[in-house]
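Have a look at this one.
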Amino acid sequence: MTEKTHFGYEQVPPEEKTRRVRGVFDSVADKYDLMNDLMSAGLHRMWKRFTIEMSGVRSGAHVLDIAGGTADITRLFSDRVGPKGTVVLTDVNAAMLSAGRDRMLNEGRLVPAVQCNAESLPFPSRSFDCVCVAFGLRNVTRKEVALAEMHRVLKPGGVTLILEFSHVAEPFRAAYDEASYRYLAESIRMHPDQSQLKGMMQRAGFERVEWFNLTAGVVALHRGYVL
């Protein structure tokens with residue numbers, strides 16, 4: 001039987017999802033920040049700052065930003081780790097990665113930018129103190145594989161942070177349905193809920209896994225450690 005996965009509400013082969021997701025983000029790369037503002041009523045900035053605070057990352061740390069897109073998280077971590085630290089910006093989509101890299105360069109910030117799939121990270125094991133993915137895990141075809149890769153590249157004592165839209169409270173559902181980005185809205189609803197994602201992280205080897213609901217559960221931040 002042919003393997004299937006979700007693309008929004010549709011069931012498609014994994015390769016088809018990867019191709020379609022690439023197409024979605026090719027089409028929205030130059031509007032992505034505006035899209036985040038519309039889908040979150042501007043609150044995504046607060047959620048991202050909370051994520052940085054909960055990371056515990058200090059000056060000199062090495063951080064991997066997966067599906068970093070337009071580099072919002074990369075910028076915040078760059079401020080936190082300082083000149084002695086490193087933040088690596090990654091994205092599977094070339095258009096999104098270019099937008100993030102160019103944004104950083106325009107601000108006079110030089111960071112490594114690597115195009116790669118979260119399911120096959122081109123980094124040695126135990127390379128990073130922190131791995132973060134913000135609003136990107138739901139677009140990954142094989143989430144379990146990506147979580148295992150995140151675990152692999154973390155140093156002992158390292159932390160992973162997953163910030164993602166969750167199953168939203170009823171008062172917020174209409175706002176998502178009215179957005180012009182149908183796939184993005186559907187992908188939020190198909191993403192594992194807080195408890196399910198915690199279980200997936202634990203099966204990938206993460207310990208002390210917990211989550212924090214933000215803005216009435218519109219978004220959840222999951223945190224887990226490699227001990």
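The values are calculated or read from the model by the stated rules, or taken from the named source; none is laboratory data. Here the structure is a predicted model, which is why all the values come from computation and not from measurement. Note: ideal-geometry Cβ built from the backbone for every residue, glycine included; neighbour counts use all protein chains shown. The accessibility values were calculated without ligands, DNA or RNA, using every heavy atom of the protein model including side chains. Shrake-Rupley method; radii C 1.70, N 1.55, O 1.52, S 1.80 Å.
Within the range 90-99, identify whether any single residue is open to solvent by 30 Å² or more (accessible area, probe 1.4 Å), more than 26 Å from GLY56 (Cα to Cα) and among the polar types (S, T, N, Q), and answer yes or no.
Yes, there is a match, as at least one residue in the range 90-99 is open to solvent by 30 Å² or more (accessible area, probe 1.4 Å), more than 26 Å from GLY56 (Cα to Cα) and among the polar types (S, T, N, Q).
Right, next: Within the range 188-211, which residues are in a helix (DSSP H, G or I), in contact (Cβ under 8 Å) with a residue 40 or more places away in the chain, closer than 15 Å to ALA148 by Cβ and open to solvent by 10 Å² or more (accessible area, probe 1.4 Å)?
Within the range 188-211, MET200, ARG203 meet the criteria.
Pairs under 9 Å by beta carbon, first residue under 17 Å from LEU137 (Cα atoms) in the range 110-126, partner basic (Lys, Arg) and open to solvent by less than 60 Å² (accessible area, probe 1.4 Å), six or more apart or different chains?
Pairs found: ALA118/LYS143; GLU119/LYS143.
Give just the number: which of (1) open to solvent by less than 30 Å² (accessible area, probe 1.4 Å); (2) modelled with pLDDT of 65 or more; (3) farther than 12 Å from CYS132 by Cα does GLU15 not satisfy?
Every condition holds for GLU15 apart from (1).
For GLU119, are the conditions met, namely being acidic (Asp, Glu) and open to solvent by less than 40 Å² (accessible area, probe 1.4 Å)?
yes
Scan the range 156-187 for residues that are within 19 Å of the chain's Cα centre (by Cα), modelled with pLDDT of 95 or more and surrounded by fewer than 18 Cβ atoms within 10 Å (Cβ to Cβ) and report the count.
Of the residues in the range 156-187, 0 are within 19 Å of the chain's Cα centre (by Cα), modelled with pLDDT of 95 or more and surrounded by fewer than 18 Cβ atoms within 10 Å (Cβ to Cβ).
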